[in-house]
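This report refers to the structure that appears directly beneath it.
Only the coordinates and a few stated rules stand behind these numbers; no lab work does. These numbers come from a predicted model, not from an experiment. Glycine gets a Cβ as well: all are built from the backbone with ideal geometry, and neighbour counts include every protein chain shown.
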Amino acid sequence: NAGVMQNPRHLVRRRGQEARLRCSPMKGHSHVYWYRQLPEEGLKFMVYLQKENIIDESGMPKERFSAEFPKEGPSILRIQQVVRGDSAAYFCASSTTGVASGNTIYFGEGSWLTVV
Amino acid sequence: DAKTTQPPSMDCAEGRAANLPCNHSTISGNEYVYWYRQIHSQGPQYIIHGLKNNETNEMASLIITEDRKSSTLILPHATLRDTAVYYCIVRVAGTGANSKLTFGKGITLSVRP
């Protein structure tokens with residue numbers, strides 16, 4: 001069973017360009033979370049999505065950032081008009097819908113965005 | 001805000017048990033205790049979780065006090081590859097809006113040769 005797959009692993013963008021980060025959850029998982037980790041800082045929650053729905057976007061910056069998890073295909077985190085402060089590691093995680101025994105959230109290896 | 005407190009760092013000799021403490025005095029009855037770790041430049045790795053009872057898997061053991069206000073993660077035979085930041089997180093299970101993981105600063109475990 002493949003884990004959470006993220007691509008690209010490394011992405012370089014010039015200021016003002018768009019960055020698209022993709023996340024394929026583990027097989028059977030229909031819930032996706034995105035986190036950001038700035039250099040030398042902690043992991044910060046950004047957004048939580050279910051297929052075709054945003055459940056919680058309380059951690060998303062109000063501008064330039066958007067996320068989707070369509071019925072078919074991977075979840076996408078989109079950053080428009082990137083700035084140097086967007087340089088960070090972006091981690092995706094997924095889980096099942098089960099509650100019994102506490103469903104576990106599994107993380108991918110991250111996408112490293114560098115804005116030059 | 002994280003609902004747990006952990007010491008900022010600790011070290012351990014290779015081959016010895018590493019006991020990582022965590023306080024979660026405001027834990028609710030439906031919240032689980034989860035442990036993750038993050039090795040430098042890698043994604044967070046799930047270790048173990050529990051509700052009331054002690055738990056053990058191939059990676060670690062989790063000891064939760066009877067009042068559930070604190071817990072200890074035990075790595076029975078630490079290796080150099082266990083050097084990482086370890087996060088103790090309380091979380092409501094399931095998929096509601098409160099089910100996300102909220103990371104604090106964690107505890108940096110350094111395993112020395």
| task | Can you find, among B:I39, B:T83, B:G29, the residue farthest towards the positive end of the dipole of the range B:1-104? Put +1 on the C-beta of Lys and Arg, -1 on that of Asp and Glu. | result | B:G29
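If each residue's Cβ is checked for other Cβ atoms within 10 Å, how do A:E18, A:E68, A:E40 rank with the fewest at the top?
Working: A:E18 11, A:E68 16, A:E40 5.
Ranking A:E18, A:E68, A:E40 by Cβ neighbours within 10 Å, fewest first, gives A:E40, A:E18, A:E68.
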| In nm, to one decimal, how far is the modelled label at B:N30 from the one at A:E72, with both set 7 Å along Cα→Cβ? | 3.6 nm
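Given +1 on the Cβ of Lys and Arg, -1 on the Cβ of Asp and Glu, and no further charges, what dipole in debye does the range A:22-76 carry about its Cα centre, rounded to the nearest 20? Don't skip to the end; give the middle numbers.
Working: 8 positive and 8 negative charges, 30 e Å.
The dipole of the range A:22-76 has a size of about 140 debye.
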| note | Here the FRET efficiency for A:Q81 versus B:I39, based on Cβ atoms and R0 = 30 Å and rounded to 0.05, is 0.35
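Let's see if you can work this out: charge +1 on each Lys and Arg Cβ, -1 on each Asp and Glu Cβ, no other charges. What is the dipole magnitude of the protein assembly as shown about its Cα centre, in debye to the nearest 20? Please list the in-between numbers first.
Values: 26 positive and 20 negative charges, 119 e Å.
Using Cβ point charges on Lys, Arg, Asp and Glu, the protein assembly as shown gives about 580 debye.
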| Other chains near A:103-109: what is the mean number of their Cβ atoms within 10 Å of each residue's Cβ? | 6
| request: Arrange the following residues from fewest to most other Cβ atoms within 10 Å of their Cβ: B:K100, B:K69, B:K3. | output: B:K69, B:K3, B:K100
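What is the magnitude of the charge dipole of chain A about its Cα centre, with +1 placed on the Cβ of each Lys and Arg, -1 on the Cβ of each Asp and Glu, and no other charges, expressed in debye to the nearest 20?
In debye, rounded to 20, chain A gives about 360.
Can you sort A:R36, B:R68 from fewest to most other Cβ atoms within 10 Å of each residue's own Cβ?
Working: A:R36 23, B:R68 18.
Ranked by crowding around the Cβ, least crowded first: B:R68, A:R36.
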| note | Phi-derived 3J(HN,Hα) across the range B:43-53 with the Karplus relation (6.51, -1.76, 1.60, θ = phi - 60°), rounded Hz, x for Gly and Pro, is x, x, 10, 5, 10, 6, 8, x, 10, 10, 7
| note | If one builds a Gaussian network model of chain B from Cα atoms under 10 Å apart, the most fluctuating residue listed among B:G94, B:G29, B:G50 is B:G94
